[in-house]
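The values are calculated or read from the model by the stated rules, or taken from the named source; none is laboratory data. Please read these numbers as outputs of a predicted model, since none were measured by experiment. Here the Cβ positions follow ideal geometry from the backbone for every residue, glycine too, while neighbour counts run over all protein chains shown.
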Amino acid sequence: MRSLVLRAGTVAGVLAVLALPTTAAQAEVATTSASVPSTGRIVSGEALAAAIVAPLPRTTAGPRVERRALGSGTDVGYRPVAAS
Amino acid sequence: MSALLVDRHLGTSRAGDLAVTLQVRDEQVAPQLLADAWDAVHDELDRISRAFSVSRPDSAVAQLRAGATLLVDDGVATVIDRCLEARTLTGGAFDPWALDGGFDPSGLLHGWTAEVCADVLRRYGLRRFCVDVSGDLLCRGEVWRVAVTHPDDALRSVATLEACDAAVATSRWDAVVDPRSGLRASGARQATVVGPDAVLADALATALVVDGVEGSRWFASLPEWSACLVDGDELAWWGSAVHPAG
């Protein structure tokens, strides 16, 4: 697979690379200037489509769920403006 | 989808499929500052529409869907990351990759737009406001009370939410496709979530409509979040921000 994802920028906050299957190669690209951070990221549509094969995590029990009959609810206290 | 109790309406702006309404409660704000902030919000809406629209061939997302390789800005890169995060968190119930035509981040774009608009307002010194993007809300600066409307009657409320520096997002079954089956979502008729992150709120509301109450397990790692669902003729909820009506 050819190099799919490159990353650009000099700021740590923009260096996070799109999580992709391990076959997706990554490489640095030259930044424009040390004092003027470039932002953004080079993304391949092919690599983006391949992200669908990323594994899904196992899930755990969540919070306690409360339930009751839906009923008819209460008045929200407003009326819609008549359409002209 | 949600009824907002408000006292100052700044206006509504539209760009593409996005409709944004701003409510501002800051006091003694110069009218010109509000006008400038409003113009800046509209500029951001145009930028978001140009970058993310799947129907505009020149948008970054449309080009990526077509298989192009391109340098995307931080906004697009962040949205891609957030899509991956939400897909992983929900076990695939939210999956922008499973839609016809390929990657489509629309499922969390309302939340993203709300966050971008809120950043604009903060840059203009505003602190007490609510951004409403097509019914998904981002509330800042004070407690905002939000009514969750009945799925069968928009003038009736099934619950009230308290949102303080929080986002509120609602999805309904008729607007969501189950990414695993390709059919209309059937987990819940309606789902509303409240939490600190508008982008994730948007995705979680969509995913809860797909998986219904079973999706509560995703919230094991999100203790600060609340949610309420209409599941058949039942109201189900969790978290301290939800107050069932009546």
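Before moving on, here are some points about what is shown:
- Residues of segment B:199-217 classified as at the interface with chain A (Cβ under 7 Å from one of its Cβ atoms) and closer than 20 Å to B:Val158 by Cα, total: 2
- Once segment B:218-235 is narrowed to residues that are in a strand (DSSP E or B) and surrounded by fewer than 23 Cβ atoms within 10 Å (Cβ to Cβ), the residue that is farthest from the other protein chains (Cβ to nearest Cβ) is B:Asp231.
- Output for segment B:34-80, where each listed residue is over 21 Å from A:Ile42 (Cβ atoms), of a type in the set (Gly, Ala, Ser) and more than 18 Å from the chain's Cα centre (by Cα): B:Ala35, B:Ala37, B:Ala40, B:Ser55
- Within segment B:11-27, not a single residue is crowded, with 21+ Cβ neighbours inside 10 Å and modelled with pLDDT of 90 or more.
- Positions within segment A:37-64 being modelled with pLDDT of 65 or more, over 19 Å from the mean Cα position of the chain (by Cα) and surrounded by fewer than 17 Cβ atoms within 10 Å (Cβ to Cβ), in sequence order: A:Thr60, A:Ala61, A:Arg64
- Candidate set: segment B:89-117, residues that are hydroxyl-bearing (Ser, Thr, Tyr) and surrounded by 23 or more Cβ atoms within 10 Å (Cβ to Cβ); chosen: the one modelled with the highest pLDDT: B:Thr113
- Residues in segment B:49-74 that are facing another protein chain (nearest Cβ under 9 Å), part of a helix (DSSP H, G or I) and in contact (Cβ under 8 Å) with a residue 12 or more places away in the chain: B:Ala60, B:Leu64, B:Arg65.
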